[in-house]
Amino acid sequence: MKTILAEFGRSIVATIVFAIVGCGIYPLIVFGLGQLMFPHQANGSLLVDKSGAVRGSSLLCQNFTSDKYFHPRPSAAGANGYDPTSSGGSNLGPTSSNLVANITGNIAAYRSDNNMPANAPVPADAVTESASGLDPHISVANAELQIPRVARARGVTEDQVRKLVEENTSGRDLGVFGEPRVNVMTLNFALDQLSHK
């Protein structure tokens, strides 16, 4: 009986120690290091304008439909898309007639929005959802096709907009993985700051 009680006592002590270390000390250390070394990222990579208002996060896309903004990838996250509480792709397979109809509609809308001929090629990322439905990145080709529309809607030169696209373009990860990409959130945020100068 003493052995059982001793084992029971040791297991209770071990549980308390691991709870304090795993649920208290370790999270506090990680939180502290995050705040010290990466405060912007640790706090959500928020985009804050000059008035101090939070306009979004560079990690989560929002739906931009106005001509004066770069449009993100389509989203299947939630009923109307871009819902961070319902992150996910369409999960439609390549033989799905719904997928074909969605992409066909997205192609027509993209060409119409950007004054493109009916047979002009459209970047794949402009008409397909990302796996999360919240990816803030588009391809460089997608951004290039939207420059004339955005410049015209804002009354600025294409060169001004192209410069902002370049400033908001990330290269390949570690120089070899993936493709260069443009962050729509930071780009549209920069466009708004340009308009307020």
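The values are calculated or read from the model by the stated rules, or taken from the named source; none is laboratory data. What you see is a predicted model, and the numbers here were worked out from it, not measured in a lab. Note that each Cβ is placed from the backbone with ideal geometry, even for glycine, and that neighbours are counted across all protein chains shown.
Yes or no, residue by residue, for (1) in contact with a strand residue (DSSP E or B) (Cβ under 9 Å, 6 or more places away or on another chain); (2) farther than 22 Å from GLN62 by Cα:
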residue	(1), (2)
GLY93	no, yes
SER97	no, yes
ARG111	no, no
ALA120	no, yes
GLN160	no, yes
VAL165	yes, no
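How about the range 170-197: which of its residues are crowded, with 16+ Cβ neighbours inside 10 Å and free of Cβ contacts under 8 Å to residues at least 60 places away in the same chain?
ARG181, ALA190 - these are the residues of the range 170-197 that are crowded, with 16+ Cβ neighbours inside 10 Å and free of Cβ contacts under 8 Å to residues at least 60 places away in the same chain.
With the condition being under 22 Å from SER170 (Cα atoms), I'd like the helices (runs of 4 or more DSSP H) fully within the range 8-113 carrying at least 1 qualifying residues.
Passing ranges, in order: 26-37, 39-42.
May I ask you to verify whether PRO117 is over 29 Å from VAL48 (Cβ atoms), free of Cβ contacts under 8 Å to residues at least 24 places away in the same chain and either surrounded by 15 or more Cβ atoms within 10 Å (Cβ to Cβ) or not assigned by TED's automatic domain parsing to the domain that holds LEU187 (or both)?
no
State all residues of the range 167-197 that are under 16 Å from LEU145 (Cα atoms) and assigned to a strand (DSSP E or B); if no residue qualifies, say none.
Once the filter is applied, which keeps residues that are under 16 Å from LEU145 (Cα atoms) and assigned to a strand (DSSP E or B), the range 167-197 yields THR169, ARG181, VAL182, ASN183.
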